Amino acid sequence: GKQPFARPFTNNSADGELVIAGGTIDQITITKNGGHMNVYLANITIFVPAQIAHELTIKKGDAISVYGVIQTYRGKKEIVVSSGKDISVIPAYP
């Protein structure tokens, strides 16, 4: 697994670094072009490519844990997910 290699996400995480992050989903948006998904936690943006996004069943309020690689997009750090297995959902209770 990736766990031994991932470091906790911080605002100082370097591009290309494998990180782990988690929290409660505040918002989910789907891009206008391509069907990619952006998942927003308190202070973290997670980019989910379309081919992975269509496999996921997540919603606002779910608690998630994510592995991904840091990239800077439009001056803001985000975590890019490379597999559906890299997102674990802890379902919210109704």
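Take the range 1-24 and flag every residue that is aromatic (Phe, Trp, Tyr) and open to solvent by less than 90 Å² (accessible area, probe 1.4 Å). Passing the criteria: only PHE9. Condition first: in contact with a Ser or Thr (Cβ under 9 Å, 6 or more places away or on another chain), surrounded by 14 or more Cβ atoms within 10 Å (Cβ to Cβ), touching a residue at least 40 places away in the same chain (Cβ under 8 Å) and not basic (Lys, Arg). Now tell me which residues in the range 59-77 satisfy that. Those that are in contact with a Ser or Thr (Cβ under 9 Å, 6 or more places away or on another chain), surrounded by 14 or more Cβ atoms within 10 Å (Cβ to Cβ), touching a residue at least 40 places away in the same chain (Cβ under 8 Å) and not basic (Lys, Arg): ALA63, ILE64, VAL66, TYR67, GLY68, VAL69, ILE70.
Residue by residue, here is whether (1) touching a Phe, Trp or Tyr at 6+ places or on another chain (Cβ under 9 Å); (2) on the phi < 0 side of the Ramachandran plot; (3) among the aliphatic types (A, V, I, L, M) holds:
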{"site": "VAL39", "(1), (2), (3)": "yes, yes, yes"}
{"site": "GLN51", "(1), (2), (3)": "no, yes, no"}
{"site": "LEU56", "(1), (2), (3)": "no, yes, yes"}
{"site": "TYR73", "(1), (2), (3)": "yes, yes, no"}
{"site": "GLU78", "(1), (2), (3)": "yes, yes, no"}
{"site": "VAL81", "(1), (2), (3)": "yes, yes, yes"}
{"site": "GLY84", "(1), (2), (3)": "no, yes, no"}
{"site": "ILE87", "(1), (2), (3)": "yes, yes, yes"}
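For the range 27-58, a tally of residues being within 26 Å of ASN12 (Cα to Cα) and open to solvent by less than 30 Å² (accessible area, probe 1.4 Å) returns 9.
The values are calculated or read from the model by the stated rules, or taken from the named source; none is laboratory data. Quick caveat, the model's predicted, so the values are computed rather than measured. Glycine also receives a Cβ, built like all others from the backbone with ideal geometry; neighbour counts cover every protein chain displayed. With ligands, DNA and RNA removed, areas are computed over all heavy atoms of the protein, side chains included. Shrake-Rupley method; radii C 1.70, N 1.55, O 1.52, S 1.80 Å.
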